[in-house]
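Presented below is the structure to which this report refers.
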Amino acid sequence: MQDKVTFEYAIIRLVPKVEREEFFNVGVILYSKRKKFLNVKYHVDNEKLKAFSCELDKEDINNHLKSWELICKGSPSSGAIGQFELSDRFRWLAASRSTVIQSSKTHSGLTDNPGEELNKIFEKHVL
């Protein structure tokens, strides 16, 4: 138990028609301060997307989620937000918004391997 560290995560939701408030999960963002870990994992199911809306372009959605990945990595191409501290990047990505891509409230837990935890949460809530 001594090797376990706290982590926070949020589920990434795709809300094709914001006014209808219907959504499906497309990813997970996970942050651990002590492990200096921030990463996102996502997958947009094409069949679900078609069932919710034929107006959205999967490529546009994937490009937007790719920008989240670049921000997590602190890539220079991610702009000013990508240069924030890890905790601030996580808070910015997990903030409430009323756009097509949203995140859930944050949740917390304990883990000894944030990357493995990200995969577990992704498999449980997205796949």
- request: Bin width 10 Å, alpha-carbon pairs only: give the P(r) of the stretch 5-125 as whole percents, running from 0 to the bin holding the largest distance.
  value: 14, 45, 33, 9, 0
field: Fewest-first ranking of 106, 111, using other Cβ atoms within 10 Å as the exposure measure
entry: 106, 111
message: Under the rule of at least 5 residues apart or a separate chain, name every residue whose amide H is placed under 5 Å from the amide H of residue 39.
response: 30
message: Students often check this: by mean Cβ neighbours within 10 Å, which of 97-103, 80-86 ranks highest, and how do the rest follow?
response: 97-103, 80-86
- request: Mind telling me which of 110, 70, 14 comes out most flexible in a GNM of the chain, alpha-carbon contacts under 10 Å?
  value: 110
message: Just to check I understand the Karplus step: with θ = phi - 60° and J = 6.51 cos²θ - 1.76 cosθ + 1.60, what whole-Hz values come out for the stretch 106-115, glycine and proline as x?
response: 7, 10, 10, x, 10, 7, 9, 8, x, x
message: I'd like the Karplus ³J(HN,Hα) series for the stretch 19-33: coefficients 6.51, -1.76, 1.60, θ = phi - 60°, whole numbers in Hz, and an x wherever there's a Gly or Pro.
response: 5, 8, 6, 8, 8, 9, 6, 10, x, 9, 10, 10, 10, 10, 4
- request: Go through the stretch 41-52 residue by residue and turn each phi into a ³J(HN,Hα) via Karplus (6.51, -1.76, 1.60, θ = phi - 60°); whole Hz please, and just put x for glycine and proline.
  value: 9, 8, 7, 9, 6, 4, 5, 5, 4, 5, 5, 7
task: Starting with the highest mean, order 59-65, 40-46, 27-33 by the number of other Cβ atoms within 10 Å, averaged over the residues of each peptide.
output: 27-33, 40-46, 59-65
- prompt: Relative contact order for the chain using alpha-carbon pairs under 8 Å, separation at least 6, rounded to a whole percent?
  reply: 36
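Any read-out appearing in this document is the output of simple, stated calculations on the displayed coordinates, not a laboratory observation. Treat the numbers as computed from the prediction; the structure is a model and nothing was measured. Neighbour counts run over all protein chains shown; Cβ positions are idealised from the backbone, glycine included.
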